[in-house]
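Undergrad: Would you mind keeping the following structure in view while I ask a few things?
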Amino acid sequence: MPTCENCNTKWSWKQTIKKTSTLDPAMTCPYCGEKQYQTQKSKTECASLIPIILLPNFFIELGSLLLILFTVLILLCVLFHPFFVEISNKEAYINFFEK
Ligand SMILES: [Zn+2]
């Protein structure tokens with residue numbers, strides 16, 4: 001679960017879902033009101049879950065089971081991703097020129 005870098009308060013699962021489900025990269029901390037951003041590392045980890053969800057597509061012979069599996073996997077991804085989310089005071093972006 002993410003911890004606010006400004007006030008060191010751990011966000012709840014519900015708050016994380018709420019904050020990460022918006023398209024706005026800035027997430028306002030529900031405790032201190034400071035803007036927090038998901039870290040680049042954390043974003044990459046979330047993106048790495050996508051191939052796992054797409055994997056059942058290769059088992060076409062599963063037929064109707066595929067749809068159920070697909071739904072379950074998406075649900076699992078949504079339910080568990082707050083545990084992997086990390087946040088920071090600074091907005092994360094890929095910068096190839098900075099070490
Ligand atoms: Zn805070």
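The values are calculated or read from the model by the stated rules, or taken from the named source; none is laboratory data. The structure displayed is predicted, hence computed values, not measured ones. Here Cβ is always computed from backbone atoms with ideal geometry, including for glycine, and neighbour counts include all displayed protein chains. Just so you know, the surface numbers come from the protein's heavy atoms only, side chains and all, with ligands and any DNA or RNA stripped out. Shrake-Rupley method; radii C 1.70, N 1.55, O 1.52, S 1.80 Å.
Undergrad: Between residues in segment 70-85 that are in contact (Cβ under 8 Å) with a residue 60 or more places away in the chain and residues that are surrounded by fewer than 11 Cβ atoms within 10 Å (Cβ to Cβ), which pairs lie under 9 Å by C-beta distance while being six or more apart or on different chains?
TA: From segment 70-85, the pairs are 78/21; 82/14.
Undergrad: Which of (1) among the hydroxyl-bearing types (Ser, Thr, Tyr); (2) more than 22 Å from residue 8 (Cα to Cα); (3) modelled with pLDDT of 80 or more does residue 88 not meet, given it meets every other one?
TA: (2)
Undergrad: Return yes or no: is residue 70 of a type in the set (Phe, Trp, Tyr), more than 26 Å from residue 91 (Cβ to Cβ) and either modelled with pLDDT of 75 or more or within 13 Å of the ligand (Cβ to nearest atom) (or both)? Before the answer, list the steps.
TA: Details: of a type in the set (Phe, Trp, Tyr): yes; more than 26 Å from residue 91 (Cβ to Cβ): yes; either modelled with pLDDT of 75 or more or within 13 Å of the ligand (Cβ to nearest atom) (or both): yes.
So residue 70 fits the description; yes.
Undergrad: So, of the residues in segment 2-30 that are in contact (Cβ under 8 Å) with a residue 40 or more places away in the chain and open to solvent by 60 Å² or more (accessible area, probe 1.4 Å), which turns out to be nearest to the ligand (Cβ to nearest atom)?
TA: 6
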